[in-house]
Structure formats: structure tokens, C-alpha cells
Protein chains: 2
Amino acid sequence: MTQEVPSDDFHVFDTTLRDGAQREGINLSVADKLTIARHLDEFGVGYIEGGWPGANPRDTEFFQRAQAEIDFRAARLVAFGATRKAGVRAGDDQQVVALAEAGAPVVTIVAKSHDRHVDLALRTTQEENLRMVRDTVEYLRGRGCRVFVDCEHFFDGYRANPAYALDVARAAHESGAEVVVLCDTNGGMLPSHVDGIVRSVLAETGARLGIHAQDDSGCAVANTLAAVDAGATHVQCTANGYGERVGNANLFPVVAALQLKHGRRVVPDAALAEMTRTSHAIAEVVNLTPSTHQPYVGTSAFAHKAGLHASAIKVDPDLYQHIDPELVGNSMRMLVSDMAGRALVELKGKELGYDLTSDRDLVGRVVDRVKEQELRGFSYEAADASFELLLRDEVRRGAPRFFRLESWRVIVEDRPDGTHANEAIVRLWAKGERVVATGEGNGPVNALDRALRHGLERIYPELARLELVDYKVRILEGRHGTESTTRVLISTSDGTSEWGTVGVADNVIAASWQALDDAYTYGLLRAGELPQE
Amino acid sequence: MTQEVPSDDFHVFDTTLRDGAQREGINLSVADKLTIARHLDEFGVGYIEGGWPGANPRDTEFFQRAQAEIDFRAARLVAFGATRKAGVRAGDDQQVVALAEAGAPVVTIVAKSHDRHVDLALRTTQEENLRMVRDTVEYLRGRGCRVFVDCEHFFDGYRANPAYALDVARAAHESGAEVVVLCDTNGGMLPSHVDGIVRSVLAETGARLGIHAQDDSGCAVANTLAAVDAGATHVQCTANGYGERVGNANLFPVVAALQLKHGRRVVPDAALAEMTRTSHAIAEVVNLTPSTHQPYVGTSAFAHKAGLHASAIKVDPDLYQHIDPELVGNSMRMLVSDMAGRALVELKGKELGYDLTSDRDLVGRVVDRVKEQELRGFSYEAADASFELLLRDEVRRGAPRFFRLESWRVIVEDRPDGTHANEAIVRLWAKGERVVATGEGNGPVNALDRALRHGLERIYPELARLELVDYKVRILEGRHGTESTTRVLISTSDGTSEWGTVGVADNVIAASWQALDDAYTYGLLRAGELPQE
């Protein structure tokens, strides 16, 4: 990727590491934060807000290590903190001093701009709050920092007391803050509110304005774009919209809309074309399943299952997509589901290399099998390999088989010392041989996987290259507690590509067995082995 | 709830059962559709689009049964279909006739309004397409139906060829369609586009306009509100935003914004106050986990974990929420997480009935335990009961115990006939007695649960009232396949309330055991049993 540094005329300001980390379920280590900072820098954001140095040891360590270990291409590191306490000099407030000493070139300070918050939460006077803003900005500027000011609850404050909210914005601007960020902290605004208030503040203060939108009304992306339309030139976002409560404005649809629909170039095109990967990589670091329905980058974002659409897509894919998915590193997918018409199965077959157009009976049989299996709880949407095995079974009137199961047994035991034993035994036939193998693991499915590999690796040495890279369990019909049906999805890799398989049973281990069986069968097919029966 | 029927001056038009069902992973039976229709009617939507009668047997059956079995309070049932085929009379097109004969009082027909789609997908002339719209509307009106027309790809069509898009809108309006619905079928529009186009079409045609927005740009809610601001009086939405690809405009934030922020009364207030329950009930029917981060109705929508916020919330909760969550049937929650400051643990303790303000050491110990446990993978955010047991352990310097485990063992076996045996044995001590009990189940955790109950029910008969109502498995560190750590969350009910417990282990069964142990311990505490040790 070329060293394209975004223009400073427009700021894409990421706060995943600070505000995003407030999301329920996120808990970032220093190593996680460093990895995410690298992804964000590669994506091309202009600013990365890394946390609150001094507030906790993790954030302090992050700032030290980020500056020592990361060779930023484009992004500037930002330290976040608050205005000085009431009644002390900025230089005597340890919190403010720590911001200057974090070594980040930019500091964002949060300032109260809603009169009621000054009274009730800050418990000081409106005048002292204005002095706190001015003193803190001037002190940090004096220490060589660029300063942005987050005006917390600005929109609510402006609607309650516009004169005071404007006083705070002016105090920040006049004391040298480069950007006055208007924050919809509680997320209650709609785009029409944002539009009017941003225009007024711009006219009244002449300050460079930023927008920080929370998604409580489901409008954070639109509010961010409304602020840009109204003249804001600094947008605060988080990767995948992570953030407190509902979340923050999602970086990815904001950047995509600005670049692909507003014609404003904010990240390198090559980085935009990696956006889907970036989104998923960050989801992996924070350990949240990527939202399949996220705009632009979700696995469903360009997926079609409607019969009507499938027929038209055969004519021209652009008829049914708002952008070319490759611009954001995503791709169109045809979904196999029980709404699948014949056109869809034909398209999917083609994707997998089977020409089905000439055999109407075959397509009908596949459609019927898929419907029947999905009624039982199977889902082929994330299990292409299991679908291909089903398709081959119908094409060749027989599923490919490399081994035949006789039986398996799994024992899990709690031991008096608090540890657990997991043992599995499998009995099967392969290439005419009866194989009995055992495996131990750190869980019952892992033990079963090891027993299967152990039994087969001598006969099929290429199995050694296969690795299970993801394992998902979904309990269906969730109101029945542990009596539910279980669906297991497994992703397997041979080092160059990945495939998904599915199993469904009333039992997590039996469902896992089915998915493992498909995973290894497909892996052996790919490796060029000939099926035995 | 009173029988308040919404005014027909503004339509809330739900299409969960038609367009919503296109979402990846949704597959509705007729019974599911009937249940969802009842929920939507109770919520107070004006129109329920039920599907395409005639297109498949399921939708045909739904229309018959919905009219026979549901006593709608407010909602009118809508049948969806397409304009007649090119070159035939509407009355000779079986698809159109089936719409008239479905017996629904309203029919929505989809019409092409983008010239390119007329050419490439419909393969007819622009003039014939206009005749198809007029004939179909007139035929259905003649059969006694009210008719709405969905102008598919209207916005893209208008941007490509405004004159032709307007011709289609006029053809619909002039032939008697009550509402001309402008559809952003590919979801590419931003609110600024929608605003301008809706205003132009309204000025040019004078027709009553509706909006159908898809969420591909992350702006479906905002686009819907922009259309209303521009003069549309009919909004098409789906429950929880279900729909093809990224989804449709989400009914719940649209209704909440209109009612709570625009001052437009579209559903009864009492129904709005049930919105969270309605959202979750529909998620349950479609068998998708409710999105925790959904605006207004997500379990995280009013959840706070930031230390700063927690301190201010002690002063006044309205400082940090955009609406009173009770207006939509949700509630504020304080999250216990390793970002938990002391203020948060004190608040949470208070919520659970413990006054911790006087004991700084105790609060410190709880904060430390929570941090340490969350590092190991525990999450107390959905496991209040496990948190309360931890808290009691620190308050009383010892966890409450009703039984002491000696050991357990689980065996899962694949039998030659394809069925599975699941057996568990538990050995434990309770009230001075050693108990050895076995259980069989349809899965290993179910077997373990039954063995535990079987062993304890004679000693603690109140266990018979407890039911496991939800069981969730989450694989942590997903890149390591089946070697990952497993977190299990269990919800248990005693018929009047529910509580959540958590277990974490390298093994799904051991993790389940921990969550079961906490679930029964907490249930026995609630039932008034005295701990044994």
C-alpha cells in the first residue's frame, strides 16, 4: 500500500480504543489495543484516540508502547482526558499534567457544555466551567499539544440553553482548540436536529466543528453525515460502531458514504478495498462475532436469497446492489435457503463449478433436500462445504465417503482435584481397514476430533494439514433450556482456504460429529483423494 | 389495552412477514406468521403485509388462517404481489387474480420504476410497463381492494431517469392507488437524497407518498424520517429491522422517533410501553437472538458501565439517557465489568439490596474479584445471580452452599442405529447425606441437569419448580477451534422470575456444571432454604 496520508482538511477520528471500549462485552488488553491501532492506521484514519493516560495503568502503558512500537503511516495518536478540576490551576491538576506527559501529539479534552450537567454532575458554576475549558486548552497548548475539545451533551445543552452551550464552544475555540467537537452524548438526536444546530454553531462561532454521535436513536451514521453536510470537518467514529449502550457512529459506513457517495476522499482507495477484512479483524481482536448484517462489511451485506432477485441478478448484478462490493472488499453471495428457487440453486451450483441448467430434475431434488434439511435446523448459508457435499450426493447419486463410522463414545469426568478428563473413542472403517482410535482433549469435541485424526492420519496423511479455525454452537428453540436442538458450524482451513460445515442434532457432540465428518470429507476431496464408496 | 385504532392519516405499514422474511437465517412457518401478526396488531401497526398469496402454499394458508383466526384490533391485512405480466389482461393473470381472491382488504403491488430494470429484468417496453401498473391497479380496485403501489428502485430510477420514474408514480396515482410508495430497494440512498426526491415527487404528482427504505448505507431509519419530514405519510418497516442483506428500516426506532421525538401519535402509548417485550417476542418466534445493541429495545440500550457515567447517574439518571426507558418498556441497567469503578459496584449492590457504602474494603474486594474473574472469561453482565453469589461470598466471607460436589461423569455414545445415549452420574453431599444419582437426557448437559435434580429433589423438593428456560454457549478465543474456552450462560425460572448464571471452563460440560450449580444454589436461596455450610 502506498504511503497516502489523508489531508488534514477533513479528520476521520477513530475512538474505538477509548469510547468503543465502553461497549458491553468489550475488555481490551494492551496487546489488543496495539493490534487494533495497527489495523486503524492501515485503514487510513487520521487520528486514533487511544485512551485516558493516567486514568488506569493499561492506558498509560498503551501510550508508551504505541509510540515505541508502532510506525504509524498516517494516523496521529490522541490522548483523551478531562478539563482541570474546579478551583485548581491546570498545571497543578495531575490528570491534566498526565495528558501533556503521555507524549501524544494531540489531546482531546472533554468539557461540559450543558448547564444542568455543570450544576448537577460537575457541581461548579457556569463561569468556573468556562475558565476550566480555557485554562486546560491553554496549558496543553503551552506544553506543545494540539488540542481538540469534546463538548459533552452539546446538542441537549444547546436545546436547553443555547447561549451557554455557545459560550463553551467559544471558550474552546478562542483559547486555541483546533476543533470544537459537538457531542450527542446520549444519542437522542435525529438528523434534522443535528443539521440545524451545527449550522447555527458554525455561523455563531466560526470554529472548526466536529461531530460525535451515539446511536441510541438508530441515526448515528446519518447524524454524522448531516453534520458534515452542515459544515463539520471532523467525524468521530468507532470500528463496527462499538460503544456504550447502543454504540457510536460506525466508522465503516461513515467512511464508505463519504468516499463513495459524497466523493470526498478520506482514506486510500486500496484501504477501502480492505474495509471488510479490517472490520472482521477488529471484531476478532475484541472477541465479538462480527455482525453479519453490518452495512457494507457484513457477510450478509451483499447476499441474496429472494427468488425474484436471483433471476434478475443472472442478467446484471448491478441491478440489485448499491455499490460494487469489491470497492469495500466484500462480495456478492447467493444464499441457499428454503426460499431458494431453482434459479438460485443453478447460480450456486455454477459458483461451485457445476452446470445444472440442463437437468431440471436434479435442481428440483436439490431444492427439496435443502428445504427438508433446513426444516430440521440445518443452515447452509454459512456451510458451503456441506452444501457442496449435498449437491455432489445428488449429482452423482451418492455422497463421497472416505471412511465409514461404526460408533463413537465420549466420556467427560470431573476429577476430585477439580480438573477434567475428556476421552473419546472412535471405531471406523477406511480403505478396507477397521480402525479403533482414542483421543484426549480439553473438551469433549476436541477429544473426538483428536480421536478421529489419530485414527485416520496414517491412512490419509494430508489430514495433518487441516486445522479447525472456528467452532460455533447455536441452540435452536431456546425456550426449552438444555433440551433444545443444537446446531454446530465448523470452519476448517488447509492453510490456503477455509470451508464451513454444519451439523444438527439434539446433542452438541453428535452435531459436532456431523460437522467434523463433513469438514474432513470435504478436506480430503479438496486434497484430491478418491472417495472409497 | 384500550381499543385505540390509529388514524389512517398516517400509516405504519409493517412488512416483517413479507420483506422481513427475506433475511438470511429467517424461515417462518404459518404458525410463526400468525404469532407475529398478533404481536404486530397488539403493538398497533396500521397494516400488516402478510406475504404473497398464490406464490407459495404457506402464504396462501397464512391469509386464510389469519382472517379466520385473528380478531385484529387495529391492523389491516395486506397481500403483496406484482403488476400483471406484459401482454396479458390483468384479469387473465393468475398471479393478479390470486391477490384479489386472498380476501385481504388491501393489496400492495410492486411496480418497476427504473427504466433499466424495465428493459433488463422485465424485458418489456416502458409504455407497456405503465399500462401494467394502470391495468393492475384498476383491476384490483374493481375487485373491491384498496391498492398501494411499491415503486421498486424508485430512487435509483429517479436519479437515472426522473421523467420515467415520475410517469410510473403518476400512473399508479391516477389509476387509483391510494399510496405511491417510493422504495430504496438497494438501500444506497442517504437522507439528503431522500429528502430532495420525496419533495420533488410530492410537488410533481400530488400523490400520497410512502417510503420503503433498506439499510445498506446504515441510514434506513434516518431515510424513513427524512421522507416523513419531506411529506410522506406512510412508512414501511420490519420488526427488528429484519430484511434482505443488511435489513429494512427498523419498526421500533421509527415508531419511537415519530411518537417520542416528532410528537406524532402512531401507536397507543400503552403499546409503546410494551415495545421492548414485543421486539424480543418476535425475535423469539423467528429464532434469532435479539440484538443486545438495538436502539430503544436492546438489553444494552440503557446500560452503563463507564465510571464517569455511574457517578453522575447516582445524581440524576436523566443526565445520561435520551428518553425514560420505561416509555418503551426497557430499563436502565448498571453493568458489572472490569471497568467497574467502586461507584458502580455500590449501585449494583444497592439494586440487589446490599448497602455497601460504609465498607470500602469490601467494595474493593468485590471489584478485584470481578476483574479477576472477567479476565478468565466470566461475564457478569447477563449473570446477575452469579454476581450476587460472588457478592454474598465477600459480604459473609463464604459462599452459600446447599450441596457439595464429590464428582460427576458424563458419557455420550453413538449407537449403531444412529441414535445417541447420554448418561450422567453425580456424586454429592447434601444435609449430611451422600447422594449418588444418574440421569439420561437428550444431550450431555440435559443428562447432567437431570442427574443433579434427581439426586437433590428428595432433599430440596422446591427444585421441582425450577426450569431452565435458556441456555447459551459462547466459544471464546474463536481462532483456536475446538480447543477454545467455553462460556455458558443459563437462565432459570421459578415461574415468577428469571435469573442468569455463568460458567467458564475449557470444556462445555464443566462450564455448564458451574452455571447449573449457581442456578440451583441461587434458586434455593430465593426459596428461603438455609445454606448448609
**OP:** Let me have the 222 nm mean residue ellipticity of chain A computed from DSSP H runs of 4+ only, each contributing -39500 (n - 2.57), with the sum over all residues rounded to the nearest 500.
**Re:** -11500 deg cm²/dmol
**OP:** Return a whole-number percent for the relative contact order of chain A, with Cα pairs under 8 Å and 6 or more residues apart as the contact set.
**Re:** 9 percent
**OP:** Please tell me the relative contact order of the stretch A:11-286 in percent, rounded to the nearest whole number, where contacts are Cα pairs under 8 Å and at least six residues apart.
**Re:** 20 percent
Subject >> Principal axis dimensions, chain A - Cα atoms, whole angstrom, descending >> reply: 87, 64, 48
**OP:** Place the label 7 angstrom along Cα→C-beta at B:Ser331 and in each other copy, then list the distances from the first to the rest in nm, shortest first.
**Re:** 4.8
**OP:** Mind checking A:204-217 for the average number of partner chain beta-carbons within 10 Å of each residue's beta-carbon?
**Re:** 2
Subject >> Using a 7 Å Cα-to-Cβ projection, A:Glu433 label spacings across copies, nm, ascending >> reply: 5.4
Original post:
Lys/Arg Cβ at +1, Asp/Glu Cβ at -1, dipole of chain A taken about the Cα centre: which of A:Ile425, A:Val473, A:Ala230 is farthest positive-ward?
Top reply: A:Ile425
Original post:
Tell me, what ³J(HN,Hα) does each residue in the stretch B:410-424 have, in order and in whole Hz, if you take phi through Karplus 6.51 cos²θ - 1.76 cosθ + 1.60 with θ = phi - 60° and put x for Gly and Pro?
Top reply: 10, 10, 10, 9, 8, 9, x, 7, x, 8, 10, 10, 10, 10, 10
Original post:
How far is B:Gly91 from the same spot in each other copy, in nm, shortest first, if each label point sits 7 Å from Cα toward Cβ?
Top reply: 9.4
**OP:** Write down the radius of gyration of the stretch A:403-459 and its Dmax, each obtained from C-alpha positions, in Å.
**Re:** 12.3, 43
Subject >> Packing-based ranking, highest mean first, of A:83-94, B:429-440 given that Cβ atoms within 10 Å are counted >> reply: A:83-94, B:429-440
Subject >> Computed over the stretch B:11-286, the ratio Rg/Rh where both radii use C-alpha atoms and Rh is Kirkwood >> reply: 0.94
**OP:** Select the chain A residue whose beta carbon lies nearest to the rotation axis carrying chain A onto chain B, and write the distance in whole Å.
**Re:** A:Ala222, 2
**OP:** For the protein assembly as shown, build the charge dipole from Cβ charges (+1 Lys, Arg; -1 Asp, Glu) around the Cα centre, then report which of A:Ala510, B:Gln67, A:Gly349 sits farthest towards its positive end.
**Re:** A:Ala510
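Counting Lys and Arg as +1 and Asp and Glu as -1, each charge on the Cβ, what is the dipole of chain B about the Cα centre in debye, to the nearest 20? Don't jump to the answer; show the numbers that get you there.
Details: 58 positive and 78 negative charges, 64 e Å.
The dipole of chain B has a size of about 300 debye.
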Original post:
What average count of beta carbons from other chains do you get within 10 Å of the Cβ of residues in A:187-195?
Top reply: 5
**OP:** Mind pulling the per residue volume of the convex hull built on the Cα atoms of the protein assembly as shown? Å³ is fine.
**Re:** 174 Å³
Original post:
Where both residues lie in the protein assembly as shown, what percent of DSSP beta bridges are antiparallel, nearest 5?
Top reply: 50 percent
Subject >> Shielding by partners - mean other protein chain Cβ count within 10 Å, residues of B:235-248 >> reply: 3
**OP:** Jot down the radius of gyration and Dmax of the stretch A:160-306, Cα atoms only, both in angstrom.
**Re:** 16.6, 58
**OP:** Provide, as a two-decimal number, the C-alpha radius of gyration of the stretch A:222-280 over 2.2 N^0.38 Å, N being how many residues it has.
**Re:** 1.12
Original post:
Counting Lys and Arg as +1 and Asp and Glu as -1, each charge on the Cβ, what is the dipole of the protein assembly as shown about the Cα centre in debye, to the nearest 20?
Top reply: 340 debye
**OP:** Output the antiparallel fraction of DSSP beta bridges having both residues in chain A, as a percent to the nearest 5.
**Re:** 50 percent
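All of the numbers you see were taken from the coordinates with simple rules; none came from a lab. Computed from a predicted model, the values in this text were never measured in an experiment. Glycine also receives a Cβ, built like all others from the backbone with ideal geometry; neighbour counts cover every protein chain displayed.
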